Amino acid sequence: MSLGHASAPISPPPSPTSLYPPTLVIVSIDTARIEAAVLEILAAIGEDPARPGLLRTPKRIAGAYGEFFSGLGVDPLDHLAASTDFIAESAETGELVLLRDIEFRSVCEHHLLPFIGVAHLAYLPATRIVGLGALVQVVETLAARPQLQERLTEEIADALQAGLDARGVLVVLDATHGCVTARSSRQVRSTTVTLASRGVLSQAVERAEIMALIGVTP
C-alpha cells in the first residue's frame, strides 16, 4: 500500500471548523428530574422506593447519568485544535498513525443500556499530527451521550477528518451491548464490529494493511 506523501514545509494550521453550530450550549444534567423519574420507575415496577436498599438509588443513578452523558454539547474538535507542541516537519509526521484498543463505554439510546468495547483509530497525516491523548478524548466525548454504535463510528471518523485534514481515516469499533447480552436473546459472547473510513482509506485495498495491523479480518 502506498502511504507516502511529498515533503513540504509545514506551517501551523488554522483551528478546525466546529462540527456544531456557533450557538452550541453546554448541556447541564438536571439531576433532580432524574431522581424524580427513578422514583417513579421504582414505584411503577411495584418496588418500595423508601426501603433501605433503594433509598439512595435515585441519587446514584442521577450521578451515573451525569457521567454517562457528560459529552452532550461538547465539541470533539476542541481536542484536535492546533498546538505548537505538534507542529512537525513533513518527515516527522510518518506515513500512518494507528492507535489500537482504546477502551470506551457508551449508552445505547434505544434501551439506555451500556455498550462497552474498544476503538481502533488510524489516520494518514497530511500536514499535521496530534497528541495520542487527543484521539482518546475524541472517542470519550462522542461516546458520552445517548448513542448508536454505527453513528458513533461515523462521528469519530468525521471528527478526525475535519480536525486533522488527514489524507485518510479509518475507525473500527468492537463492542458488547447490554441490550443484547442482558435482555431478549441474551447473547453474552457476541460482539458488534462497525467500520467507518474517509479519504484514501475508503478504498478497500488501501485499508487492508491497516486492518491486518489492527487484527481484524476485512
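The values are calculated or read from the model by the stated rules, or taken from the named source; none is laboratory data. Source: prediction; values computed, not measured. Reconstructed Cβ throughout: ideal geometry from the backbone, glycine too, with neighbour counts over all protein chains shown.
Quick notes on this one:
- In the range 14-63, of all residues being surrounded by 15 or more Cβ atoms within 10 Å (Cβ to Cβ) and touching an Asp or Glu at 6+ places or on another chain (Cβ under 7 Å), the one that is modelled with the lowest pLDDT corresponds to Leu19.
- Checking each residue in the range 85-111 for being more than 26 Å from Glu209 (Cα to Cα), modelled with pLDDT under 95 and in contact with a Pro (Cβ under 7 Å, 6 or more places away or on another chain) picks out only Ile87.
- Filter pass, Thr127 being more than 15 Å from Pro76 (Cα to Cα), surrounded by 18 or more Cβ atoms within 10 Å (Cβ to Cβ) and among the polar types (S, T, N, Q): yes
- Selection within the range 132-157: residues that are among the acidic types (Asp, Glu) and within 13 Å of Ala196 (Cβ to Cβ). The member of this set that is farthest from the chain's Cα centre (by Cα) is Glu150.
- Any chance Glu155 is out of contact with any strand residue (DSSP E or B) (no Cβ under 8 Å at 6 or more places or on another chain) and under 23 Å from Gly66 (Cβ atoms): yes
- Residue match in the range 112-135 (condition: in contact with a Pro (Cβ under 8 Å, 6 or more places away or on another chain), free of Cβ contacts under 8 Å to residues at least 60 places away in the same chain and among the hydrophobic types (A, V, I, L, M, F, W, C)): yes
- Within the range 55-69, being among the charged types (D, E, K, R) and not in a helix (DSSP H, G or I) holds for one residue alone: Arg56.
- Within the range 117-131, being more than 11 Å from the chain's Cα centre (by Cα) and either within 25 Å of Thr192 (Cα to Cα) or not assigned by TED's automatic domain parsing to the domain that holds Val200 (or both) holds for Ala122, Tyr123.
- Residues satisfying the stated conditions in the range 49-71, i.e. under 22 Å from Thr141 (Cα atoms) and in contact (Cβ under 8 Å) with a residue 12 or more places away in the chain: Ile61, Ala62, Gly63, Tyr65, Gly66, Glu67, Phe68, Phe69, Ser70, Gly71
- Members of the range 161-191 found to be in contact (Cβ under 8 Å) with a residue 60 or more places away in the chain and assigned to a loop (DSSP other than H, G, I, E, B), listed by number: Asp165, Arg167, Ala182, Arg183, Thr191
- Test result for Arg189, closer than 20 Å to Ser70 by Cβ and basic (Lys, Arg): no
- Which listed residue, of Thr141, Thr153, is under 19 Å from Gly73 (Cβ atoms), among the polar types (S, T, N, Q) and in the same structural domain as Val180 (by TED's automatic domain parsing): Thr141
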